[in-house]
Amino acid sequence: MASTPASTDGREGCTATGWQQLYVRHKPEETPLYPIIEEHAPRFFAELSEQGASLPRFVEMEFEHYLRCGRLQAGFIRVKCTGCRHEHLVAFSCKRRGFCPSCGARRMVETAAHLVDNVLPAVPVRQWVLSFPWPLRFLFATDPALLAGVLGIVTRALSTYLIHRAGLSVGSGAQTGIVTLIQRFGSALNLNVHLHMLSLDGAYSFERKRRRFHRTPAPSEAELERLLGTLIRRVTRTLLRAGALIEEVEETYLNVDTDGTLEQLNAASVRYRIAVGPQAGRRTLTLRTLGPDTRDPSRSKPFTAARDGFSLNASVACEPYQTTTLERLCRYIARPPIVNERLSTNRAGQVVYELKRPFRDGTTEFLFEPLDFLARLAALVPRPRSHLLRYHGVLAPNARHRRLVVPAPTLAARDDAEAAPAPMRTPMNWIQRLRYVFDIDLSRCPRCGAAMRVLAVITDPRVIAAILEHIDTHAARAPPIASS
């Protein structure tokens, strides 16, 4: 089965149908990330093999598929105009979830559009961000099933808090809704498993099959401290019962296997350490171009509570009419880990990644040796079948009152529960995705405005080579890492 066509760049042009984006193939080989992986990935895996170590197959596939993402040599779809016979070749995307900037950007836009249009109702929404101590970040990266159990505890505690603050009780049937995106990375490409939770800033009561929203006041500092204390107690108790934490008189430590190659890369990434090479174990190199932040570190951020390595922040909220702000927030929590514009290499061959905002000590850039940079990327790859987007409460797929809350055409104008449920919205196809994400319409010819027709899906290497040679393409060599 063919992959999804890859993301594209565009340029404007005047056509018979007006101004629109002309299709220009996305060229990943011209981005900063692609040549780094293309040149150093074979050596990275070869050195691991020489040491008798290996990474799980799903990590190797992440690199292999990335090197084929957006490349015509890996296959494409032929699209031809029914009028002027103008033709496009649309390359496939890798559809991976790890570090591909192109697929990550597409998924970010699609996720944000889905949440705003189909999930979140027109009520106030608040973002809650829960961060964990370094040992728990490593634990949750190693065992996603354990994180799923902890997430259930966190969302139940937050839901109970919101329902009570709205003046309701859980026993009365009141419900709130939460969407959680599990983010695995920090700003320095370090492994940092933490939770971004978009919650309805209040709760719904349901009476005689009618809904009513009760808004919750903004949390006070004392309430945040109490809520964080509750979360710490419950999370710690759960991990102790599961045997993931061992509590002794002098200290509490993790009960987890750290001997695997991926686990060692995870541990180094969590603590900003170099994972491979002669400098392994040392702090990752940084570049400080600004002076340290002189603000009092004891002063807490607004709507933030921190304790024992845990942090809970609730400073960002959106009103019902701020749909643009809400979609921007959804894009932020669903963003990919790497921004190509902040990635480069210096004269010494080091990989330089620029921070969006300087650290408190004045650090503005992180410097990696190429193999250590690939080790960082390997640590960011999520395990297969571990869902990063979760729905809770009244927004859960099987929630009893979900159809009364989520946006739907037949329910938008009134609260009548007897109204027929809206038809299920079908997922966007790849042409609709290109139009929505990049404002590029492949259903119409950019030259004459006639309809475009899909001629064929080309995956045979011999046919691919013949077509590329025919159109005088000089990119006919295959990616260096062979597919399985």
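The values are calculated or read from the model by the stated rules, or taken from the named source; none is laboratory data. Just so we're clear, the structure is a prediction, and the values are computed from it rather than from any experiment. Every residue, glycine among them, receives a Cβ derived from its backbone with ideal geometry; neighbour counts consider all protein chains shown. Ligands, DNA and RNA are stripped out before the accessible areas are found, and what is left, the full protein with its side chains, is counted by its heavy atoms. Shrake-Rupley method; radii C 1.70, N 1.55, O 1.52, S 1.80 Å.
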Contour minus Cα-Cα distance for R283 and E50 (0.36 nm per residue): 81.4 nm
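I'd like to check one number: the per residue accessible area of region 40-177, probe 1.4 Å, reported in Å² as a whole number.
About 33 Å² of surface per residue is accessible.
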Sequence-distant residues sharing a close amide H with L245 (under 5 Å, placed H): L240, N255
Amide H contacts of L168 (H built 1.01 Å from N, under 5 Å, at least 5 apart or other chain): none
Positive-end residue of Y204, L191, L240, charge dipole of region 188-266 with Cβ unit charges: Y204
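How large is the convex hull of the Cα atoms of region 203-336 per residue, expressed in Å³ as a whole number?
Numbers: hull volume 36.1 nm³, N = 134.
Hull volume normalised by residue count: 269 Å³.
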Rh by Kirkwood over Cα pairs, then Stokes-Einstein D for region 123-262 at 1.002 mPa s and 20 °C, µm²/s: 128 µm²/s
Å³ per residue enclosed by the Cα convex hull of region 24-100: 98 Å³
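Please give the per residue volume of the convex hull enclosing the alpha carbon atoms of region 342-403, rounded to a whole number of Å³.
157 Å³
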Net length gained if the chain between Y321 and N340 were fully extended (0.36 nm per residue, minus Cα distance): 3.6 nm
Highest to lowest packing among 304-311, 112-119, scored as the average C-beta count within 10 Å: 112-119, 304-311
Under Karplus coefficients 6.51, -1.76 and 1.60, residue-wise ³J(HN,Hα) of region 441-455 in Hz, glycine/proline x: 9, 8, 7, 10, 5, x, 9, 10, x, 6, 6, 9, 10, 6, 7
Over 17 Å [Cα-Cα, region 101-153], rounded percent: 61 percent
Cα→Cβ-extended label distance, 7 Å offset, between A456 and R208, nm: 6.6 nm
Centroid-to-centroid separation of region 157-177 and region 225-240 [C-alpha atoms, Å]: 19 Å
In Hz, Karplus ³J(HN,Hα) per residue of region 261-266 (6.51, -1.76, 1.60; θ = phi - 60°; x = Gly, Pro): 4, 5, 5, 5, 5, 4
With every protein chain in place, region 238-388: carbon and sulfur % of accessible area (1.4 Å): 48 percent
C-alpha center-to-center spacing [region 260-284, region 360-376] in angstrom: 12 Å
Förster-model FRET efficiency, 51 Å R0, E39 and R233, C-beta, rounded to 0.05: 0.55
For S93, residues with placed amide H under 5 Å, excluding near neighbours: T4, A6, G70
Extension reserve of the E30-S443 stretch, reckoned as 0.36 nm per residue once the Cα distance is removed: 146.0 nm
